[in-house]
1. Under the rule a/c < 1.5 gives rounded, and otherwise a/b versus b/c splits prolate from oblate, where does region 38-103 land using the Cα gyration tensor?
2. With every protein chain present, what accessible area does Leu83 have (1.4 Å probe, heavy atoms only), rounded to the nearest 10 Å²?
3. Residue by residue through region 123-137, which ³J(HN,Hα) values in whole Hz follow from phi under the Karplus form 6.51 cos²θ - 1.76 cosθ + 1.60 (θ = phi - 60°), with glycine and proline marked x?
4. Compute a Gaussian network model of the chain, connecting alpha carbons closer than 10 Å, and tell me which residue from Glu103, Glu130, Glu17 fluctuates the most.
5. Which Rg and Dmax, in Å, describe the Cα atoms of the chain?
6. To the nearest µm²/s, what D does Stokes-Einstein give for region 1-67 at 25 °C and 0.890 mPa s, using the Kirkwood radius over alpha carbon pairs as Rh?
7. Counting only pairs 8 or more places apart or on different chains, how many lysine pairs in the chain have C-alpha atoms closer than 21 Å?
8. In square angstrom, what is the accessible area per residue of the chain with a 1.4 angstrom probe?
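The values are calculated or read from the model by the stated rules, or taken from the named source; none is laboratory data. Computed from a predicted structure; not experimentally measured. We work out accessible area using only protein heavy atoms, side chains counted, and drop any ligands, DNA or RNA first. Shrake-Rupley method; radii C 1.70, N 1.55, O 1.52, S 1.80 Å.
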Amino acid sequence: MNYSMIAEQIRALCAVENGWVPVFSNASAVLFQEMPDVSWAGFYVEKNGSLLIGPFQGKMACIRIPHDKGVCGSAYAKDTVMLVRNVHEFPGHIACDAASNSEIVLPIHGKTGIVAVLDIDSTSIGRFTEEDREGLLQVVKVFEECVDLNI
Ligand code: SME
């Protein structure tokens with residue numbers, strides 16, 4: 001996967017319009033198209049004490065996720081990347097899509113702390129690797145550097 005190219009593509013989109021809705025919308029489309037074997041790619045944004053669904057590609061999903069629930073909530077609460085090989089073995093996993101088997105969630109930081117998380121799912125067990133973690137961290141860095149994260 002050429003994550004540097006994806007990161008630069010998103011940086012270019014951001015240079016045109018840096019609002020979080022346009023950037024996250026196009027970023028979810030780019031990630032969903034470019035990453036093989038992905039069933040859902042999108043964002044949950046921090047809103048009034050829980051994570052609210054943001055721009056995404058894939059099947060309809062849960063609207064609100066409490067800060068301490070599921071893989072997304074754990075990434076938020078622990079402020080760390082969650083790379084889950086088999087979501088069915090993850091305590092508290094929220095099964096928005098019963099076909100999902102593995103997942104990676106990365107926190108996105110604004111001035112006030114975590115403002116959103118990037119969530120990518122796959123129907124394959126063990127789909128996400130260290131390479132994906134490193135590559136997606138480059139993409140998150142672009143969000144943190146050039147998106148207006150006043151959500
Ligand atoms: N499975 C996630 C919920 C969001 S959906 O996968 C889109 C979780 O446990 O946080």
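1. oblate
2. Accessible area, nearest 10 Å²: 50 Å².
3. My calculation for region 123-137 gives 7, 8, 5, x, 5, 9, 10, 4, 4, 5, 4, 5, x, 5, 5 Hz in order.
4. Glu130
5. 13.9, 42
6. Using the Kirkwood radius from Cα pairs, D works out to 192 µm²/s.
7. Summing the qualifying lysine pairs gives 8.
8. That works out to 47 Å² per residue.
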